[in-house]
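Report on the following structure.
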Amino acid sequence: QVQLVESGGGLVQPGGSLRLSCAASGFTFSSQPMSWYRQAPGKERELVAAITSTGGVTSYADSVKGRFTISRENAKNVVYLQMNGLKPEDTAVYYCTLSRAGQRYWGQGTQVTVSS
(Lines give C-alpha, C1' and ligand atoms only; values in the text may rest on other atoms or scores of the structure.)
Protein backbone atom coordinates (compact mmCIF):
# COMPACT_ATOMS: atom_id res chain seq x y z
CA GLN A 1 0.00 0.00 0.00
CA VAL A 2 1.02 3.61 -0.45
CA GLN A 3 3.21 4.91 2.36
CA LEU A 4 4.59 8.42 2.73
CA VAL A 5 6.91 9.21 5.64
CA GLU A 6 8.00 12.79 6.22
CA SER A 7 11.01 13.86 8.27
CA GLY A 8 13.21 16.87 8.85
CA GLY A 9 10.90 19.21 10.70
CA GLY A 10 11.84 21.05 13.86
CA LEU A 11 12.26 24.39 15.58
CA VAL A 12 14.21 27.05 13.70
CA GLN A 13 14.77 30.76 14.14
CA PRO A 14 13.40 33.28 11.64
CA GLY A 15 15.68 33.43 8.62
CA GLY A 16 16.83 29.87 9.13
CA SER A 17 16.60 26.84 6.89
CA LEU A 18 15.25 23.31 7.01
CA ARG A 19 15.09 20.49 4.51
CA LEU A 20 12.10 18.19 4.66
CA SER A 21 12.22 14.70 3.19
CA CYS A 22 9.43 12.34 2.21
CA ALA A 23 10.21 8.68 1.70
CA ALA A 24 7.64 6.99 -0.52
CA SER A 25 6.79 3.34 -1.10
CA GLY A 26 3.99 1.14 -2.38
CA PHE A 27 3.68 2.68 -5.84
CA THR A 28 5.77 3.54 -8.88
CA PHE A 29 7.30 6.72 -7.52
CA SER A 30 8.96 7.80 -10.76
CA SER A 31 5.57 7.95 -12.49
CA GLN A 32 3.81 10.16 -9.96
CA PRO A 33 3.75 13.91 -9.51
CA MET A 34 4.25 14.82 -5.85
CA SER A 35 3.28 17.76 -3.69
CA TRP A 36 3.90 19.34 -0.32
CA TYR A 37 1.02 20.87 1.62
CA ARG A 38 0.99 22.55 5.00
CA GLN A 39 -1.58 23.26 7.68
CA ALA A 40 -1.18 25.96 10.29
CA PRO A 41 -3.23 25.95 13.50
CA GLY A 42 -6.77 27.12 12.81
CA LYS A 43 -6.21 27.28 9.06
CA GLU A 44 -7.05 25.09 6.11
CA ARG A 45 -4.46 22.86 4.51
CA GLU A 46 -2.77 24.66 1.62
CA LEU A 47 -0.62 23.65 -1.32
CA VAL A 48 3.00 24.73 -0.90
CA ALA A 49 4.84 23.18 -3.84
CA ALA A 50 4.43 20.55 -6.53
CA ILE A 51 6.74 18.67 -8.85
CA THR A 52 6.16 16.56 -11.94
CA SER A 53 7.14 12.90 -12.12
CA THR A 54 10.47 13.64 -13.80
CA GLY A 55 11.18 16.72 -11.72
CA GLY A 56 11.27 18.86 -14.82
CA VAL A 57 8.51 21.22 -13.78
CA THR A 58 7.85 22.70 -10.35
CA SER A 59 5.32 25.14 -9.00
CA TYR A 60 4.99 27.09 -5.76
CA ALA A 61 2.53 29.04 -3.70
CA ASP A 62 3.16 32.76 -3.96
CA SER A 63 3.90 32.90 -0.24
CA VAL A 64 6.97 30.63 -0.58
CA LYS A 65 8.18 31.44 -4.09
CA GLY A 66 11.87 32.28 -4.08
CA ARG A 67 12.41 30.77 -0.63
CA PHE A 68 11.37 27.11 -0.97
CA THR A 69 12.58 24.53 -3.48
CA ILE A 70 10.94 21.19 -4.19
CA SER A 71 13.03 18.41 -5.70
CA ARG A 72 13.05 14.64 -5.98
CA GLU A 73 15.37 11.68 -6.35
CA ASN A 74 13.49 8.99 -8.25
CA ALA A 75 16.27 6.46 -7.69
CA LYS A 76 15.69 6.78 -3.94
CA ASN A 77 11.91 7.32 -3.95
CA VAL A 78 12.31 10.57 -2.05
CA VAL A 79 10.90 14.05 -2.50
CA TYR A 80 12.41 17.04 -0.71
CA LEU A 81 11.37 20.50 0.32
CA GLN A 82 14.27 22.87 0.93
CA MET A 83 13.05 25.83 2.97
CA ASN A 84 15.20 28.93 3.27
CA GLY A 85 14.46 32.33 4.76
CA LEU A 86 11.87 30.85 7.08
CA LYS A 87 9.30 33.16 8.62
CA PRO A 88 7.04 32.71 11.65
CA GLU A 89 4.09 32.43 9.27
CA ASP A 90 5.67 29.28 7.81
CA THR A 91 4.93 27.51 11.10
CA ALA A 92 2.72 24.53 10.25
CA VAL A 93 2.56 20.79 9.89
CA TYR A 94 3.98 19.90 6.47
CA TYR A 95 2.58 16.96 4.52
CA CYS A 96 3.84 15.02 1.56
CA THR A 97 1.05 13.93 -0.76
CA LEU A 98 0.13 12.42 -4.09
CA SER A 99 -3.07 11.82 -6.02
CA ARG A 100 -3.42 8.41 -7.61
CA ALA A 101 -6.43 6.66 -9.16
CA GLY A 102 -8.77 9.30 -7.84
CA GLN A 103 -7.54 9.09 -4.27
CA ARG A 104 -5.23 11.46 -2.41
CA TYR A 105 -2.69 9.95 -0.07
CA TRP A 106 -1.06 11.79 2.84
CA GLY A 107 1.87 11.20 5.11
CA GLN A 108 1.64 11.72 8.87
CA GLY A 109 3.17 15.18 8.60
CA THR A 110 6.19 16.85 10.16
CA GLN A 111 5.99 19.91 12.39
CA VAL A 112 7.90 23.04 11.42
CA THR A 113 8.04 25.82 13.99
CA VAL A 114 9.68 29.15 13.20
CA SER A 115 10.24 31.19 16.34
CA SER A 116 12.91 33.16 18.13
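The values are calculated or read from the model by the stated rules, or taken from the named source; none is laboratory data. These numbers come from a predicted model, not from an experiment. Cβ: placed from backbone, ideal geometry, glycine included. Neighbour counts: every protein chain shown. The protein model used for the area step is the full one, side chains on, heavy atoms only, and it has no ligands, DNA or RNA in it. Shrake-Rupley method; radii C 1.70, N 1.55, O 1.52, S 1.80 Å.
Things worth noting here:
- Ligands, DNA and RNA are left out, and with a 1.4 angstrom probe the accessible area of the chain is 51 Å² per residue.
- By accessible area, using a 1.4 Å probe on protein heavy atoms only, the chain has 46% of its surface on carbon and sulfur.
- Under 14 Å from Lys43, Cα to Cα: aspartates and glutamates that are on another chain or at least 8 residues apart: Glu89, Asp90
- Estimated inter-spin distance, Ser115 and Val5, nm [label 7 Å along Cα→Cβ]: 2.8
- For the pair Lys76 and Leu47 in one chain, pulling the backbone fully straight at 0.36 nm per residue adds 8.1 nm over the alpha carbon distance.
- Potential lengthening of the chain between Thr54 and Arg19 amounts to 10.6 nm, from the contour at 0.36 nm per residue minus the alpha-carbon distance.
- Relative frequency of Cα-Cα separations exceeding 14 Å in the stretch 55-94, percent: 52
- J(HN,Hα) series, the stretch 46-58, from Karplus relation 6.51 cos²θ - 1.76 cosθ + 1.60, nearest Hz, glycine and proline x: 10, 6, 9, 7, 9, 9, 6, 4, 8, x, x, 10, 10
- Label-to-label distance, nm, for residues given as Lys65 and Trp106 (7 Å Cα→Cβ offset): 2.7
- Here is the list for the stretch 1-57: trypsin sites (Lys or Arg not before Pro) lying in DSSP coil, each with at most 14 other C-beta atoms within 10 angstrom of its C-beta, are Lys43.
- Applying the Karplus relation 6.51 cos²θ - 1.76 cosθ + 1.60 with θ = phi - 60° to the stretch 35-43 yields 3J(HN,Hα) values of 9, 10, 10, 9, 9, 8, x, x, 10 Hz, where x marks Gly and Pro.
- Cut-off 14 Å between beta-carbons: net charge of the residues surrounding Ser115, Lys and Arg +1, Asp and Glu -1: -1
- Fluctuation leader among Glu44, Glu73, Glu89 - the chain, Gaussian network, Cα springs under 10 angstrom: Glu44
- Principal axis dimensions, the chain - Cα atoms, whole angstrom, descending: 41, 27, 22
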